[in-house]
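Q: Got a structure for you, questions after.
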Amino acid sequence: MPNFKKLSKDYEKEALSVLTELVKKQSVYDPSSAGENAPFGKGVKSALDYLAEKGKSYGFGVDACKGYCTELTCGSGEGPEIGIYAHADVVPAVGKWDFPPFSGKIVGEGKEAKMVSRGSSDDKGPLVAALMAVKLLKDKGLLSGYRVRLVAGGDEERGSSCLKAYFGKLGKKGTDYAFTPDADFPLIYGEKGIVRALASKMVDLSPIVAMSGGSVSNAVCDSFVVTLPKDKKLEASLKDRKDVDLSSAGEIDILTFKGKAAHGSTPEKGVNAALLAFSFLGSFYQIPFLKKLSDLLSDPTGKSFHGDSYDETFHNATWNYGVINYESNKRVFTATIDYRFGSSADPKKAIAAFEEATSTNVNILSEDKVLLADKKGPLVSTLMKSYRRTTHRIFDKPFAIGGGTYAKEAPNCVAYGSAFKGHPGDIHSPNEYIYLEDLYKQIAIYADAIYSLGHLKK
């Protein structure tokens, strides 16, 4: 077995250079700039094009996939084909950042050195680590007898329409073994099912003029803005609250409720700013609908409206409400739902319970089933051996998560890294980061894993 820890040292400088340039690409979904070969907008296209350019310079085969993904291929032979699925799109850089979110800022020194930038951890850093791993194998002549396919998607954050198109309208086939570097080490063998939906209701929330907050459905709403007619009693009641900023524009009061961001798979780690607003305004103005939502939705397990479930593998179900809006002129309230559940749940029953309890209409946008991989199968066993051999963490075990990854979209695939225990990267939050030492470790782990999978039987 080659010493990949030693070999990867030669690729650290290039990895940092490529990642620095990649995080500068503001690859946020932008329908206003979408067009031919750019279905997700110019920002995403710029990131995918950059990866295509790097792939060509490294001698890889390149397929632009009509702007849905960038596919890089190399290797030859009758052995297995190894798939790696990462994503180049990112969530919007909202909230208060210590540095410009697309600058690739490096802070700290030595083992504490890290890059603070949107996408550094989710998922551009791991994507670059995997790219360097493949380059290493190619440069060192270690791709004989098997093939590698690295696919960078452009729409993972909104439900993976990129891979759906890749395997659907583009007609791409799956690989013999695959992983996605978009979760946690050592390995994710199980992922909750996910229902993405939109709840709506025609309702009069007077005196509120408008409400809006949240940027994506799979992140906790951390800032929620409410506009209403100027009200001195309301203003006085807010003087001692630190979670609300008050400003005025003429005869209008503008309230900004401040929560805490978190990933949609772990809403209990955040504070939903919209629910703060519902609780306060529902009580202050005696608005029944807002009081009801505040009471029912404050528990992220859904227990308050019988939308909960529990099993030994996945534990509690979770509910996140990411993007919430209301306009008084239309009298329409909407809220995105990100519902995640385990094997024992009945998602149709849970959504029906939500509808009945909240008196809303729910339109299901997409649904992903529960994923459970064979922990004793060759894919999981091989990847765990590579992780343990490279890190010497022999007692770490694979586990299940609430997050959804490309593993649900790609055949024969599991999530493998990239976050190490204690270094979560603060994904989907301000000041997202990746430790440079972690980035370099990932190169060695992924090189070992690809090489090992390539030497399995098909």
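The values are calculated or read from the model by the stated rules, or taken from the named source; none is laboratory data. Quick caveat: nothing in here was measured; it's all calculated off a predicted structure. Here the Cβ is made from the backbone with ideal geometry for all residues, glycine too, and neighbour counts use every protein chain on show.
Q: Which of the following residues is farther than 30 Å from I445 by Cβ and touching an Asp or Glu at 6+ places or on another chain (Cβ under 9 Å): S366, S328, S343? Outline the logic, then answer.
A: Working: S366 fails: touching an Asp or Glu at 6+ places or on another chain (Cβ under 9 Å); S343 fails: farther than 30 Å from I445 by Cβ.
After applying the criteria, what remains is S328.
Q: Residues in the range 295-342 that are farther than 23 Å from L281 by Cβ and surrounded by fewer than 17 Cβ atoms within 10 Å (Cβ to Cβ): how many?
A: Total satisfying the criteria: 8.
Q: Restricting to the range 190-210, name every residue that is surrounded by 21 or more Cβ atoms within 10 Å (Cβ to Cβ), in a loop (DSSP other than H, G, I, E, B) and touching a Lys or Arg at 6+ places or on another chain (Cβ under 7 Å).
A: Listed by number, the list holds a single entry, K192.
To keep it simple, each residue is scored yes or no on (1) in contact (Cβ under 8 Å) with a residue 12 or more places away in the chain; (2) over 16 Å from the mean Cα position of the chain (by Cα).
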residue	(1), (2)
S144	yes, yes
G171	no, yes
K192	yes, no
S215	yes, no
A219	yes, no
D231	yes, yes
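Q: All but one of (1) over 19 Å from A410 (Cα atoms); (2) surrounded by fewer than 23 Cβ atoms within 10 Å (Cβ to Cβ); (3) in contact (Cβ under 8 Å) with a residue 40 or more places away in the chain hold for A52; state the number of the condition that does not hold.
A: Of everything listed in (1) over 19 Å from A410 (Cα atoms); (2) surrounded by fewer than 23 Cβ atoms within 10 Å (Cβ to Cβ); (3) in contact (Cβ under 8 Å) with a residue 40 or more places away in the chain, A52 misses just condition (3).
Q: What number goes with the only condition from (1) modelled with pLDDT of 95 or more; (2) part of a loop (DSSP other than H, G, I, E, B) that D426 does not pass?
A: (1)
Q: Has the range 374-386 got at least one residue that is free of Cβ contacts under 8 Å to residues at least 60 places away in the same chain, polar (S, T, N, Q) and in the same structural domain as A183 (by TED's automatic domain parsing)?
A: So far as the range 374-386 goes, yes, one or more of its residues are free of Cβ contacts under 8 Å to residues at least 60 places away in the same chain, polar (S, T, N, Q) and in the same structural domain as A183 (by TED's automatic domain parsing).
Q: Could you tell me which residue of the range 57-110 is surrounded by the fewest Cβ atoms within 10 Å (Cβ to Cβ), considering only residues that are within 28 Å of N431 (Cβ to Cβ) and of a type in the set (S, T, N, Q)?
A: Initial filter on the range 57-110 (within 28 Å of N431 (Cβ to Cβ)): 70, 84-110.
Remaining after also requiring of a type in the set (S, T, N, Q): 70, 103.
Details: T70: 25, S103: 15.
Per the criteria, the residue is S103.
Q: Another question, if that's okay. Could you say which residue among A353, A335, A317 is in contact (Cβ under 8 Å) with a residue 12 or more places away in the chain and touching a Ser or Thr at 6+ places or on another chain (Cβ under 6 Å)? Talk me through it step by step, then tell me what you get.
A: Details: A353 fails: touching a Ser or Thr at 6+ places or on another chain (Cβ under 6 Å); A335 fails: touching a Ser or Thr at 6+ places or on another chain (Cβ under 6 Å).
Of the residues listed, the single one that is in contact (Cβ under 8 Å) with a residue 12 or more places away in the chain and touching a Ser or Thr at 6+ places or on another chain (Cβ under 6 Å) is A317.
Q: For the range 72-92, which positions are closer than 22 Å to L383 by Cβ and assigned to a strand (DSSP E or B)?
A: Once the filter is applied, which keeps residues that are closer than 22 Å to L383 by Cβ and assigned to a strand (DSSP E or B), the range 72-92 yields L72, T73, C74, G75, E81, I82, G83, I84, Y85, A86, H87.
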